[in-house]
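Colleague: Here's a structure for you.
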Ligand code: ATP
Ligand code: MG
């Protein structure tokens, strides 16, 4: 099962982002825009995980969530990964978010799941481009966006079903969620 671990902004924060990106979305049907009802902040991408490792990592993620406190976050501005990915920045308790992402990666490794060890780049993916797409004007257009503060209170283990969503997009289905109950 293809899995990732994420936190999800609440619906009011997502509505703001949806409004802030509406013009860009209609101006750029050439990009593959992610669906607002699927928006999330990935903490760690686990890839294809077998049943035993899934059970193992679930137990470990429960312990991880119990050690970490809720996170005060906000969405703000935009950035890009080359010509490929347009995203919104994350603001607020980035140290807490990085710490949580590191713990989630460690939990996955202990469950013998190979996770990447590139530096963690907190972001919410808005759109994916093709080679040659120029995302810079979109980053500039979204630069003034400053979303409200919100609190991440839960960590979600999410299943990704590639091609199962509308127009053969990926569909994300929460498998298990754990509250952040640390202090
Ligand atoms: P598609 O691959 O068809 O574009 P997708 O990227 O939305 O679909 P997945 O590839 O299953 O779906 O990824 C699920 C989530 O994990 C997304 O937020 C994606 O950006 C993130 N992700 C995928 N691969 C990695 C990776 N190697 N490192 C970090 N995050 C990743
Ligand atoms: Mg992908």
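The values are calculated or read from the model by the stated rules, or taken from the named source; none is laboratory data. Keep in mind that this is a model prediction, so the values were computed, not measured. Here the Cβ is made from the backbone with ideal geometry for all residues, glycine too, and neighbour counts use every protein chain on show.
Colleague: Please go through the range 26-47 and give me each residue that is in contact (Cβ under 8 Å) with a residue 24 or more places away in the chain and out of contact with any helix residue (DSSP H, G or I) (no Cβ under 6 Å at 6 or more places or on another chain), ordered by number.
Modeller: Listed by number, the residues that qualify are 28, 30, 31, 32, 34, 35, 38, 40, 41, 42, 45, 47.
Colleague: Checking residue 123 against (1) within 15 Å of ligand 2 (Cβ to nearest atom); (2) within 20 Å of residue 48 (Cα to Cα); (3) touching a residue at least 12 places away in the same chain (Cβ under 8 Å); (4) in contact with a strand residue (DSSP E or B) (Cβ under 7 Å, 6 or more places away or on another chain), which test does it fail?
Modeller: With respect to (1) within 15 Å of ligand 2 (Cβ to nearest atom); (2) within 20 Å of residue 48 (Cα to Cα); (3) touching a residue at least 12 places away in the same chain (Cβ under 8 Å); (4) in contact with a strand residue (DSSP E or B) (Cβ under 7 Å, 6 or more places away or on another chain), residue 123 is out only on (2).
Colleague: Any residue that is at pLDDT below 95 and within 16 Å of ligand 1 (Cβ to nearest atom) - is there at least one of those in the range 101-116?
Modeller: There is at least one residue in the range 101-116 that is at pLDDT below 95 and within 16 Å of ligand 1 (Cβ to nearest atom).
Colleague: Looking at 79, 99, which is the one that is surrounded by 14 or more Cβ atoms within 10 Å (Cβ to Cβ) and without any contact (Cβ under 8 Å) to a residue 40 or more places away in the chain?
Modeller: 99
Colleague: Now a separate question. Which of the residues that make up the range 46-75 are within 16 Å of ligand 1 (Cβ to nearest atom) and surrounded by fewer than 17 Cβ atoms within 10 Å (Cβ to Cβ)?
Modeller: Answer for the range 46-75, where residues must be within 16 Å of ligand 1 (Cβ to nearest atom) and surrounded by fewer than 17 Cβ atoms within 10 Å (Cβ to Cβ): 47, 48.
Colleague: Taking the condition of being within 16 Å of ligand 1 (Cβ to nearest atom) and either modelled with pLDDT under 95 or assigned to a helix (DSSP H, G or I) (or both), how many residues in the range 129-162 meet it?
Modeller: 4
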